[in-house]
Amino acid sequence: MSLRRKIYEVIEVADKDDRDSLIYDRFMLVCIAASIVPLCFKETNALFIWLDRATVTVFIVDYLLRWWTADLKYEKSGKWAFLRYPFSFFGIVDLLSILPSLTMLSSGFKLFRLFRLNKALKALKFLRYSHSFELILNVIKREKRALAAVCVLAGGYIALSALIMFQVEPDSFDTFFDAIYWAVVTLTTVGYGDIYPTSEIGRIVSMTSSFMGIAIVALPTGIITAGYMRELSREKWD
């Protein structure tokens, strides 16, 4: 077995029969958890600085190894695999979790402080090692047509209810965007209460939207739950 092939098998999601891969994944999980600890505090100290530098070094090595073995992961892409990985979801997450710690800019460059927000993306690296997340992704892929239909239904109903409310409550909504905002928070049953109808017909439309919201929000939940159970059954029988 070549060195590149061995590295690829180690850094990929752990196989229960591959001891080296399991150790590597558990080590990465510890590094990810350690990298998130400084984000939970406003102040900084020598320990947090050391943790950040150590974990970022590990992430850089991991990123380079995954890039080096990208052609093994994306075999159908050929040499283009080396260009595909940096633009993949996890490739972007990995890069964004590294970049903020590499910026050595003066604090006067306030715009570049936005890079610090990307440090929170380190938490997303947990998803790479989550079997449940992999199952959910498979469910979404299998049920994408049904989920797309629900999204279209929700979007259409939001636009329709917003248009109706904008016409019957001209004093409550200054712009059509306000009506869209009201429709979204009503459909999702959040209801902040900052914008609300005052007329009788407006309240009837609002009540109808609230009931419809319960039904529409429940649809994708039921689809994903049913698909998740099918995936679990399929894995059990496989």
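Summary table
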| quantity | calculated |
| --- | --- |
| The range 193-238: number of residues that are closer than 20 Å to Ala159 by Cβ and not in a helix (DSSP H, G or I) | 3 |
| Of all residues making up the range 166-197, the number that are without any contact (Cβ under 8 Å) to a residue 12 or more places away in the chain and of a type outside the set (Asp, Glu) | 8 |
| Close pairs from the range 56-68: first within 20 Å of Ala33 (Cα to Cα), partner modelled with pLDDT of 90 or more and buried (at least 16 other Cβ atoms within 10 Å of the Cβ), Cβ under 6 Å, at least 6 apart | none |
| Qualifying helices (runs of 4 or more DSSP H) (wholly inside the range 1-72; at least 3 residues being within 22 Å of Leu96 (Cα to Cα) and hydroxyl-bearing (Ser, Thr, Tyr)) | 46-68 |
| Residue that is farthest from Gly202 (Cα to Cα), among those in the range 128-174 that are among the acidic types (Asp, Glu) and outside any helix (DSSP H, G or I) | Glu143 |
| Count - residues of the range 27-56 that are at pLDDT 85 or above, within 24 Å of the chain's Cα centre (by Cα) and of a type in the set (S, T, N, Q) | 1 |
| Complete set of residues in the range 134-159 that are under 19 Å from Phe211 (Cα atoms) and crowded, with 16+ Cβ neighbours inside 10 Å | Val150, Ala154, Tyr157, Ile158 |
| Tabulated pairs, the range 131-160, first without any contact (Cβ under 8 Å) to a residue 24 or more places away in the chain, second part of a helix (DSSP H, G or I), C-beta under 6 angstrom, 6+ apart or interchain | Phe133/Leu127 |
| Qualifying residues in the range 65-101 (those that are over 27 Å from Asp52 (Cβ atoms) and among the hydrophobic types (A, V, I, L, M, F, W, C)) - the one surrounded by the most Cβ atoms within 10 Å (Cβ to Cβ) | Ala81 |
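The values are calculated or read from the model by the stated rules, or taken from the named source; none is laboratory data. All values derive from a computational prediction rather than experimental measurement. Heads up, the Cβs are rebuilt from the backbone with ideal geometry, glycines too, and the neighbour counts pull from every protein chain shown.
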